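Contents: one structure, followed by commentary.
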Amino acid sequence: MDLKRLILGLAFGGVLFSGCNDELSQVGPSIQPEGDRSFVYADTFQVEASTIKLDSVYARTVNGLLGQIYDPLYGNLKTDYICQFYCPEDYKFAHEPIDGKVDSMAFFIMYNNGGYVGDSLAPMQAKIYKVTKPLDRNYYTNMDPAEYCDLQTLIGEKTYTAYDLSISDSIRKITDTSDPNYYTPNVRIRINTDVAQSFYDETINNPNSFHNQEAFNNFFPGFYVTTGFGTGNILEVAQSSFFIYYKYMSKTSAGNDTIIHTREQFNVTKEVIQMNQVENGNIEQLLQPNDEYAYIKSPAGVCTKVIVPTSVISEKIEGRIINGLNFSVKAMPQEEWLYAFEAPEYVLLLPEDSVQSFFLNNKIEDSVTAYLASYTSSSKTYSFGNISNLLKKHVESKPNEDLRLLIIPVARGTQNSNNYYGESKPVTTSITNYMKPAGVRLKKDKESMQMVVLTSKYND
């Protein structure tokens, strides 16, 4: 058996280096016993690709998207979000405001330097509404804000540009986060003071509202953050927070009365719910049948569907062992107009019927049913590697049913891990739907859609 494996391995390597063909190859007849001869096959099959749109995209995240942008190819994209805020158990104000009155309240949309897509100087307007009922655990991008908010009652608004020209270059270049002048790009929106006052009054009159997170969510379900006028820019929100500002009386070291200015802070964290809403317009052209391209667009839920002719493959390779199936897709060059979308860094290949469960259960690639590929800009290629395990599993369970796969843009979380040789390499810790604006065209001509299946058979 060891000799068989050695010979088969040599033969398999020879096929890889010699190119693809559909002919039967007899391996090592001069050294093999007559009954142990093995054969290797390389069969080429044609797969099909098309563009589809998912009804909704699962998008559990602490990051939001805010804005609106238009791309000549990928159409219009508008994004906003609803968020809850984390509350410590049995929360109360650190100090008693003077006369029991707070001063003001502000909501902060914070993003990283360069954390936006589009025109950084496009004037945009942010608008804030108070959520009026507790949020469902709905992390899909097709949520309807009107189900949760009173859209007739605006509690704050602000006109902004992603690149704040009022911030000097000297401040913007500070990289030390401990520096008191360190600048985090943000949009500061003043919230009606009566919202802040009712918040403090609740801590005094009904402290049970702050006993735990559930009680707090019932009292204060959150904010809906959306846009008013403006198009041309989308912020990639890294953190959402609100502050309640107030004054309290204190004593100096000399025992004299003094007034201290302070604030209370509440943040959106992974412990609470944030829902992104995504509206796409003018994407019908992407979904029209064509012979040249299939499209991927995020966060639109536009992805590429690949159909592998499993019924044909099963009949052709009957009685053989599947050894290899390297699969990759080639992309067209990205568009060159101003603010054109970039290709997503990662895409995921998995069966169509397992998409929902994959993201709901926080799975990662396993090289069995889910394969990850990164974009190689030099060759404009996404390479998934050897996906033979996926084909094997499908052939065994559904040999007469074609294998339907989706190529979906994703975000990859990683951490470094040392291998056996002490070398550090990133390993996947999470995979989520890609929520940043991105788009790419995949080639679907006959040559690009060919798949070579390597199989073997022993002459027992």
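Quick note: the coordinates plus some simple rules give every number you see, no bench work behind them. Everything numeric here is computed off the predicted structure, so don't read it as measured data. A quick note on method: Cβ atoms are made from the backbone with ideal geometry, for glycine too, and the neighbour counts reach across all protein chains shown.
Can you list which of the DSSP-assigned H helices in the chain have a Cα extent of 20 Å or more along the long axis and an average Kyte-Doolittle score of at least 0.0?
Length and hydropathy pass: 2-18.
What does the charge count near N138 come to, summing +1 for each Lys or Arg and -1 for each Asp or Glu among other residues with Cβ under 14 Å from its Cβ?
Combined, the nearby Lys, Arg, Asp and Glu give -1.
Expressed as a whole number of Å, what is the distance separating the alpha-carbon centroids of segment 418-452 and segment 198-273?
Segment 198-273 and segment 418-452 have Cα centres separated by 40 Å.
Seen from all sides and averaged, what is the projected area of the convex hull of the Cα atoms in segment 153-193, in nm²?
Approximately 4.1 nm², given one-decimal rounding.
Counting Lys +1, Arg +1, Asp -1, Glu -1, what net charge surrounds P207 among other residues with beta carbon under 13 Å of its beta carbon?
Net charge around P207: -3.
Please list 3J(HN,Hα) in residue order for segment 115-122, calculated via the Karplus relation 6.51 cos²θ - 1.76 cosθ + 1.60 where θ = phi - 60°; whole Hz, with x for glycine and proline.
With the stated coefficients, segment 115-122 comes to x, 7, 10, x, 7, 5, 9, 5 Hz.
Against the globular-protein guess of 2.2 N^0.38 Å, express the Cα radius of gyration of segment 205-354 as a ratio, rounded to two decimals.
Dividing the Cα Rg of segment 205-354 by 2.2 N^0.38 Å gives 1.86.
Restricting to DSSP loop positions (anything but H, G, I, E, B) with no more than 12 other Cβ atoms inside 10 Å of their own Cβ, which GluC sites (Glu not before Pro) remain in segment 206-305?
E271, E292
By how many nm would the segment from K363 to T184 lengthen if fully extended, with 0.36 nm per residue of separation less the alpha-carbon distance?
Going from the current span to full extension adds 61.2 nm.
If R₀ is 25 angstrom, what is the calculated FRET efficiency for the pair A340 and L165, using the beta carbon separation as r and rounding to 0.05?
0.55
Per residue of segment 268-274, what does 6.51 cos²θ - 1.76 cosθ + 1.60 with θ = phi - 60° give for ³J(HN,Hα)? Whole Hz please, x for Gly and Pro, Karplus curve as stated.
So the Karplus estimates, Gly and Pro as x, are 7, 10, 5, 7, 10, 8, 9 Hz.
If Lys and Arg each add +1 and Asp and Glu each add -1, what is the summed charge of the other residues whose beta carbon sits under 12 Å from the beta carbon of R412?
With Lys, Arg at +1 and Asp, Glu at -1, the neighbours total -2.
Would you work out the relative contact order for the chain, in percent, from Cα pairs under 8 angstrom that are 6 or more residues apart?
Over the chain, the number comes to 25 percent.
For the chain, what does the helix formula give at 222 nm: sum of -39500 (n - 2.57) over DSSP H segments with n ≥ 4, over the residue count, nearest 500 deg cm²/dmol?
Theoretical 222 nm ellipticity from helices: -4000 deg cm²/dmol.
Starting from the Cα of S430, step 7 Å along the direction of its Cβ; do the same at D55; then give the gap between the two resulting points in nm.
Distance between label points: 2.7 nm.
When the gyration tensor of segment 118-160 is built from Cα positions, what are the square roots of 5 times its three eigenvalues, in whole Å, from largest to smallest?
With the √(5λ) rule applied to segment 118-160, the semi-axes are 25, 16, 7 Å.
Tell me, what is a quarter of the convex hull surface for the C-alpha atoms of segment 64-280, in nm² with one decimal?
Taking the Cα atoms of segment 64-280, their convex hull projects to 14.4 nm² on average.
With a cut-off of at most 10 other beta carbons within 10 Å, and DSSP calling the residue loop, which trypsin sites (Lys or Arg not before Pro) in segment 210-300 qualify? Please list them.
Here the trypsin sites (Lys or Arg not before Pro) that fit, given the DSSP loop and packing criteria, are K270.
With the convex hull built on the Cα atoms of the chain, state its orientation-averaged projected area in nm².
Over all viewing directions, the chain projects a mean Cα-hull area of 29.9 nm².
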